[in-house]
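Notes follow the structure.
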Amino acid sequence: MYEEMQAFATVVEQSSLNQASKLLNLSQPALSRKIAKLEDELGVTLFNRVGKRLELTSIGRLAYDFAIEQQQQQLKFLQTLAQFKDDTDSAITLGASLTTLQTTLPPLITAFMDNHPHAEIKLVTGKTHEIVSSVRDKQADVGIVASSINEPGLNCLPLFDDHLELVVASTHSLSGQASQMDDLQKMPMITFSKGTWYRKLTDDLFHRSGVMPDIRMEIDSFEAIVRLLPTCKLAALLPKSYLRPQLLADNDLVTVHIPELRQTRRTTCMIYGQKEELSATAKQWIHEIREFFAAKRG
């Protein structure tokens, strides 16, 4: 009946079977049969035939209003369905280290999900070389790594620069003091576990500076380190990108400026394969993340 109702609405709007048949790409006899079929199914007369003119009956006017409402409802449904299908069918697999997952990805995923609430995001974790392999072997669509990558077949897009900062409780002896690397000599500290990228970075820094801190704990979780710092009265070197003002305030922590820590500068990058081989969702992710950081630099 839907098809007949739409044909009927077209006849009403064109005020002519001849014009409506041209618009619908139907012969005039075929269109007349549709109208007759609709009248038969409804059991009412929709038009009064006055010579060659068609005049709507009172029930015909009600039927026309219903046909228009039906059109609007179908259009709304199809638009909603299209949006739902686009988002439901979309999925992206991201590769990142556990530390990158804690520091960089949360705001990126939040921003993407705000625009694509039905999108599915899968995560693959590993060390930098494992993430590079995952992207190269197409096990991940996009990787976020804390270093620049020069790998044949992969694109490497710099996102932002970062460096380590010394973090202590607001009551710590170094709080509010102008400091240097020598102040970390025998300083009780929390560091990341051996074998991790951040531990290698800090060990190299201590070696170059001739500093041997008193390492009391080795932990792989940023959150755990932040929670333990004020309780245990220890110090830690954490990436500036993680140290949001609200995080520091909530945990009663402060950063201590040490000029030499600028030597730990690193560039976090997004890596991906050839664009023609990427899904529409992966391309959208790349575009939106590029815009996200461009706006921050802006």
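The values are calculated or read from the model by the stated rules, or taken from the named source; none is laboratory data. Keep in mind it's a predicted model, so treat the numbers as computed, not measured. Ideal geometry is used to build each Cβ from the backbone, glycine not excepted, and the neighbour counts take in all protein chains shown. We work out accessible area using only protein heavy atoms, side chains counted, and drop any ligands, DNA or RNA first. Shrake-Rupley method; radii C 1.70, N 1.55, O 1.52, S 1.80 Å.
For the chain, just run the numbers: alpha carbon Rg, then divide by 2.2 N^0.38 Å, N being how many residues it has. Rg over 2.2 N^0.38 Å, computed on Cα atoms: 1.71. For the range 222-286, the set of chymotrypsin sites (Phe, Trp or Tyr not before Pro) satisfying both a DSSP loop assignment and a count of at most 16 other C-beta atoms within 10 Å is empty. Counting only heavy atoms of the protein chains, get the accessible area per residue of the chain (1.4 Å probe) and round it to a whole Å² value. Heavy-atom accessible area per residue stands at 56 Å².
Among the listed pairs Lys240/Lys296; Lys127/Lys233; Lys275/Lys296; Lys138/Lys194, a Cα-Cα separation exceeding 27 Å is found for Lys127/Lys233; Lys138/Lys194. Considering only Pro106, Ile121, Gln70, the residue lying farthest towards the positive end of the dipole of the range 51-197 is Gln70, judged by Cα position with unit charges set on Cβ. Of the accessible area of the range 1-156, with the probe set at 1.4 angstrom, what percent is carbon plus sulfur? In the range 1-156, the share of accessible area belonging to carbon and sulfur is 51 percent.
Where a Cα-Cα gap under 18 Å defines reach, which aspartates and glutamates qualify for Lys186, not counting those fewer than 8 residues away within the same chain? Qualifying aspartates and glutamates at Cα under 18 Å: Glu165, Asp203, Asp204, Asp214, Glu218, Glu260. The separation of the range 147-196 from the range 113-132, counted between C-alpha centres, amounts to 24 Å.
At q = 0.09, 0.10, 0.19 Å⁻¹, what base-10 log of I(q)/I(0) does the Debye formula yield for the range 131-268 when every alpha carbon is treated as an equal point scatterer in vacuo? Treating every Cα as an identical point scatterer, log10 I(q)/I(0) equals -0.31, -0.37, -1.11. The dipole here belongs to the range 1-70: it is taken about the Cα centre, uses +1 on the Cβ of Lys and Arg and -1 on the Cβ of Asp and Glu, and is about 400 debye.
The residue list Leu205, Gly273, Pro259 was ranked by how far each Cα lies along the charge dipole of the range 183-298 toward its positive end, using unit charges on Cβ atoms, and Pro259 comes out on top. Backbone geometry of the range 208-214 corresponds, through the Karplus equation with coefficients 6.51, -1.76 and 1.60 at θ = phi - 60°, to 3J(HN,Hα) couplings of 5, 8, x, 10, 10, x, 8 Hz, x marking Gly and Pro.
For Lys52, the lysines whose Cα falls under 18 Å of its own Cα, not counting residues fewer than eight places away in the same chain, are Lys22, Lys34.
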